[in-house]
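Data block below; observations after.
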Amino acid sequence: MDIKFLDAEPSREEKEAVDELLGPPTSGWRGGARDAADWSLAEGGHAWRGQRDKLLPALHAVNDRTGWISPGALNYICARLTVPPADAYGVATFYHLFSVGYEPEAKRAVHVCTDVVCKAAGSDAVTRALADGLAPEGTARAGTAWHGSPC
């Protein structure tokens, strides 16, 4: 049974980013088009876990290329690496520098550290200046959004 994030499909650009990292899909179980022969070539166990170490680089490849990670991109990464969608989503949302969602927030995201040490060094002044001069936190303006996040 395939588990997906809805029926979301990756964009051409997202597929290219992943394929540049991993190479072209070798079968329907690895992100290619499926045919009747693929059902007899099902893999599991160690073969599935053998690609998990490429999850973070694949997420970086898509985020760096497009500025965000869509549900379609997560579907494609999961299919290529045979990683459960919950695992991929958990990794993608754990890291604050990834932008995950249903539509791109902004092409450029600025992250300002709001941890205690950085606040002591003046990050509050930076966040106020961004809120006053650019937009409220998380709001895209002129293709740029900013977020408070840990170092």
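The values are calculated or read from the model by the stated rules, or taken from the named source; none is laboratory data. None of these values were measured; they are calculated from a predicted model. Neighbour counts are summed over all protein chains in view; Cβ atoms, including those assigned to glycine, are modelled from backbone coordinates with ideal geometry. Please note that ligands, DNA and RNA were not included when accessible areas were found on the heavy atoms of the full protein model with its side chains. Shrake-Rupley method; radii C 1.70, N 1.55, O 1.52, S 1.80 Å.
Here are some notes:
- Any hit, the range 76-97, residues being touching an Asp or Glu at 6+ places or on another chain (Cβ under 7 Å), buried (at least 18 other Cβ atoms within 10 Å of the Cβ) and either touching a residue at least 40 places away in the same chain (Cβ under 8 Å) or in a helix (DSSP H, G or I) (or both): yes
- The residues of the range 62-121 that are touching a Pro at 6+ places or on another chain (Cβ under 7 Å) and basic (Lys, Arg) amount to a single one, Arg80.
- Sole exception among (1) over 10 Å from the mean Cα position of the chain (by Cα); (2) hydrophobic (A, V, I, L, M, F, W, C); (3) within 30 Å of Pro25 (Cα to Cα) for Cys113, by number: (3)
Condition check ((1) open to solvent by less than 70 Å² (accessible area, probe 1.4 Å); (2) basic (Lys, Arg); (3) part of a loop (DSSP other than H, G, I, E, B); (4) without any contact (Cβ under 8 Å) to a residue 12 or more places away in the chain) across all residues:
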| residue | (1), (2), (3), (4) |
| --- | --- |
| Ala109 | yes, no, no, no |
| Ala135 | yes, no, yes, yes |
| Ala145 | yes, no, no, no |
| Cys151 | no, no, yes, no |
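- If you go through the range 36-72 and keep only what is at pLDDT below 60, in contact with a helix residue (DSSP H, G or I) (Cβ under 8 Å, 6 or more places away or on another chain) and open to solvent by 50 Å² or more (accessible area, probe 1.4 Å), you end up with Leu41, Ala42, Glu43.
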